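This report concerns only the one structure given below.
Any read-out appearing in this document is the output of simple, stated calculations on the displayed coordinates, not a laboratory observation. Model, not experiment: these values are computed from the prediction. Please note: Cβ atoms are built from the backbone with ideal geometry, for glycine as well, and neighbour counts cover all protein chains shown.
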2 protein chains.
Amino acid sequence: MARDGKPTRDNILAQSRALILENGFSGTSIDHILERTGITKGAFFYHFKTKSVLAKALIEEFAREDIGHMERALKETAHLKGDALSRLLLFVQLFIDMMSDLTEPPPGCLYASYLSETNQFDQEIRDFILNTILLWRNTLELLLRDVLKEYDMRIDVDIPSLADLITVIFEGSYVVSKAVNEPDLTAKQLQHLKNYFQLLFIPKK
Amino acid sequence: MARDGKPTRDNILAQSRALILENGFSGTSIDHILERTGITKGAFFYHFKTKSVLAKALIEEFAREDIGHMERALKETAHLKGDALSRLLLFVQLFIDMMSDLTEPPPGCLYASYLSETNQFDQEIRDFILNTILLWRNTLELLLRDVLKEYDMRIDVDIPSLADLITVIFEGSYVVSKAVNEPDLTAKQLQHLKNYFQLLFIPKK
DNA sequence: TTGTTTATACCAACTAGTTTGTTTGTTTTT
DNA sequence: AAAAACAAACAAACTAGTTGGTATAAACAA
C-alpha cells in the first residue's frame, strides 16, 4: 500500500466548495484552489481529471448531505406517523433548530450557486439538481397528503406548490442572507412556513 | 454631434443581462457579449470603461426596474389606505398577476446572480444590493404596521422578518424556477404568501 | 446648396496576463 | 513497491483591456 489520498481529496472538496459559494464556479480558478489548499497542480489533477469532474463531485457530495438532512428529519418524526400535522410541524421545526444554531449566515446552497450560472454545467448536473429538488417536493407532498386525511384546508391550495414552499424558503433565505448579515434569518423564515402550516390546516369536522 | 450611441448601449445592457443570468458574471466574457450584440471590442469599451463599470450599470438598471414595480404597486393600492389588510393583499396580488402572465420561467434576478459570486463585486455594489433589499423590507414593514392598527395576529410573529418573506419567496422562486420548467411557479409561491397574510390577521375585537 | 469641420461612435488588430490542462521527472509515505 | 504528492516547465485557448485609425452625422461656413 501507499499513503492515503483521502485527506487531500476531502480538503480539495471542502475548500473549493467554500470558494465557489463566494466566487462562483467560473470565478474560482484551479490556482485559487491550490492556493487555499496548499497543494500543487499535480495533486489536484491526480484527484480530479478536469474541473467539471470536480463540479460533479461537489454537487453530489452536497446533495448527499442535503438528502441526509431530509431523511434524518423523516426518521426523527416517524414516531408521529399517527398525527400527520404534528409530524409535519416537527419536521419543519427540526430545520428551524438546525438553522438557529448558526452564529453567522449560512455559507450558501450549491444548487443555487450552480443554477445561477447554469449554462456552465452539462445536462447531467442540471438534471441531478432538478431531481433532488423534485425529491424534496415529493417527500413534502407525502407528508402533506397524510395531513389531508385528517385535516381540511382553510384556504384551498395546490399541494405540489405547497410542497415546494420549503425549498423556495430555504433558497430564498440563503440568497437574502448573502446580502444581509443576520445569522437567524433562515430560521425565522422557516418559522413562517411552520406558522402557515399551522394556520392552514383545520381538523375535519 | 455624431450618431446616436444609445441603441448600442441599450443592446449591450440587454444582452449582457441575459448572458449573465445564464452564465454568471465571471462566466460571461466580453467576447461573448460582442458575439451576441454583433459589435466590436472598441464599441464595448467606448460605452463601458471596464467590465465592472458594466456590472454597476446593469445592477442599477435592474434595481430601477425592481423598485419601479414596488412603487407602482404602492400607487395602485393607495386607494385602499383606509383598509390596510386589503391593501396588503392587493399589493401581493399585483405581483401574482405580473408573474401569471409568463409563458416561460422568469429569466432570473440579478441580485441573486451577483450574490452567488459576491466576491467578484466591490463593496459599493454589495451595499447597493443590500439597500434595495432593505427598501423592500421597510416598505412591507410600513404596510404591515398599518394592518396591525386594526388587526391582531393569530400567531405572534416578528414583523421585519415577515416583511422579508416577500423577497425570500421571490428569490427562492427564481432559484427553483431555474431548475424546474414551470412558468407559473413564482405566481403560485406568492399566492402562499397572500394566503399566509389572510390567515394570520384577524380583526381586533 | 454645398463643402468643411468636429465630436461621437465604432472598427480591427494587438498586447499582456490568466485559464485549464499536460508533461516529465522526483520525492515522500506506507 | 506503489500510491500520493511535489516541482517546474509548457502549450493552446481565452481573458480584459489598449491602440490607432475610420465612419457617421450634425453644425457651420461658403
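In whole Å, what three semi-axes, largest first, describe the equivalent ellipsoid of chain A built from its Cα gyration tensor (square root of 5 times each eigenvalue)? All intermediate terms of the calculation are to be shown ahead of the outcome.
Numbers: eigenvalues 280, 58, 50 Å².
Semi-axes (√(5λ), whole Å): 37, 17, 16.
Assume the label is 7 Å from Cα along Cα to beta carbon: what separations in nm does A:K56 have to the matching positions in the other copies?
4.2
What is the mean number of Cβ atoms from other protein chains located within 10 Å of the Cβ atom of each residue in peptide A:181-189, rounded to a whole number? Can you show the working numbers first?
Values: counts 1, 3, 0, 2, 4, 1, 1, 8, 8.
That average works out to 3.
Can you give me the relative contact order of chain A as a percent, contacts being Cα pairs under 8 Å and 6 or more apart?
On the way: 173 pairs, mean separation 50.0, N = 205.
About 24 percent, as a whole number.
Averaged over its residues, how many other protein chain Cβ atoms are within 10 Å of peptide B:155-168's Cβ atoms? Provide the component values of the computation, followed by the final result.
Values: counts 7, 1, 4, 4, 0, 3, 8, 5, 0, 9, 9, 1, 7, 15.
Other-chain Cβ atoms within 10 Å of each residue's Cβ, averaged: 5.
In degrees from 0 to 90, rounded to the nearest 10, what is the angle of the helix A:123-150 Cα long axis to the longest principal axis of chain A?
Its long axis makes an angle of about 20 degrees.
I need the Debye-formula profile for the protein assembly as shown: one equal scatterer per C-alpha, no solvent, reported as log10 I(q)/I(0) at q = 0.09, 0.14 1/Å, two decimals.
One equal scatterer on each Cα of the protein assembly as shown leads to -0.60, -1.32.
Aspartates and glutamates within cross-link reach of A:K51: Cα-Cα under 20 Å, excluding same-chain residues under 8 positions apart?
Filter leaves A:D10, A:E22, A:D31, A:E35, A:E60, A:E61, A:E117, A:D122, A:E124, A:D127, B:E22, B:E117.
In sequence order, what are the phi-derived ³J(HN,Hα) couplings for the stretch A:64-70 according to the Karplus relation 6.51 cos²θ - 1.76 cosθ + 1.60 with θ = phi - 60°, rounded to whole Hz, with x for glycine and proline?
For the stretch A:64-70, the Karplus curve yields 4, 5, 4, 5, x, 4, 5 Hz.
Which of the lysines could a cross-linker span from A:K205 if the Cα-Cα distance has to be under 22 Å and same-chain partners fewer than 8 positions apart are dropped?
List returned: A:K81, A:K149.
Exactly which chymotrypsin sites (Phe, Trp or Tyr not before Pro) in the stretch B:107-165 are in a DSSP loop and have at most 13 other Cβ atoms within 10 Å? Could you put the intermediate results ahead of the total?
Values: sites: B:Y111, B:Y114, B:F121, B:F128, B:W136, B:Y151; in loops: B:F121.
When the chymotrypsin sites (Phe, Trp or Tyr not before Pro) of the stretch B:107-165 are filtered for loop state and at most 13 Cβ neighbours within 10 Å, nothing remains.
If you average over every viewing direction, what projected area does the convex hull of the Cα atoms of the stretch A:108-157 give, in nm²? Mind showing how you got there, number by number?
Numbers: hull surface 19.9 nm².
It is 5.0 nm².
Can you order the peptides A:11-20, A:137-146 by their average number of other Cβ atoms within 10 Å per residue, highest first?
Numbers: A:11-20: 19.4, A:137-146: 17.2.
Ranked from most to least packed, the peptides come out as A:11-20, A:137-146.
Find every distance from the label point of A:S86 to the corresponding label point in the other copies (7 Å from Cα along Cα→Cβ) and write them in nm, one decimal, shortest first.
4.2
Which three semi-axes in whole Å describe the equivalent ellipsoid of the stretch B:1-75, each the square root of 5 times a Cα gyration tensor eigenvalue, listed largest first? Don't skip to the answer; put the middle values down first.
Values: eigenvalues 115, 54, 20 Å².
In descending order the semi-axes read 24, 16, 10 Å.
For the stretch B:131-205, what log10 I(q)/I(0) values come out of the Debye formula at q = 0.21 1/Å, with one point per alpha carbon and no solvent?
Once normalised to I(0) and log-transformed, intensities are -0.95.
Provide an ascending nm list, one decimal, of label-point separations from A:P203 to the equivalent residue in each further copy; define each label point as 7 Å from Cα along Cα→Cβ.
2.8
Which whole number gives the average count of other chain Cβ atoms within 10 Å of the Cβ atoms across peptide A:22-34?
Numbers: counts 5, 7, 12, 5, 9, 9, 3, 1, 0, 0, 0, 0, 0.
That average works out to 4.
Less than 13 Å Cβ to Cβ from A:D164, Lys/Arg counted +1 and Asp/Glu -1: what total charge do the surrounding residues give? Show your work: numbers first, answer last.
Details: positive: A:R137, B:K188; negative: A:E141, A:D158, A:E171, B:E182, B:D184.
It works out to a net charge of -3.
Long-range amide H contacts for A:Y151: which residues qualify at under 5 Å (H placed 1.01 Å from N, peptide plane, sequence gap of 5 or more or a different chain)?
Hits under the 5 Å cutoff: A:K204.
What aspartates and glutamates could a cross-link reach from B:K204, if we take a straight Cα to Cα line under 12 Å and drop same-chain neighbours fewer than 8 places away?
B:E150, B:D152
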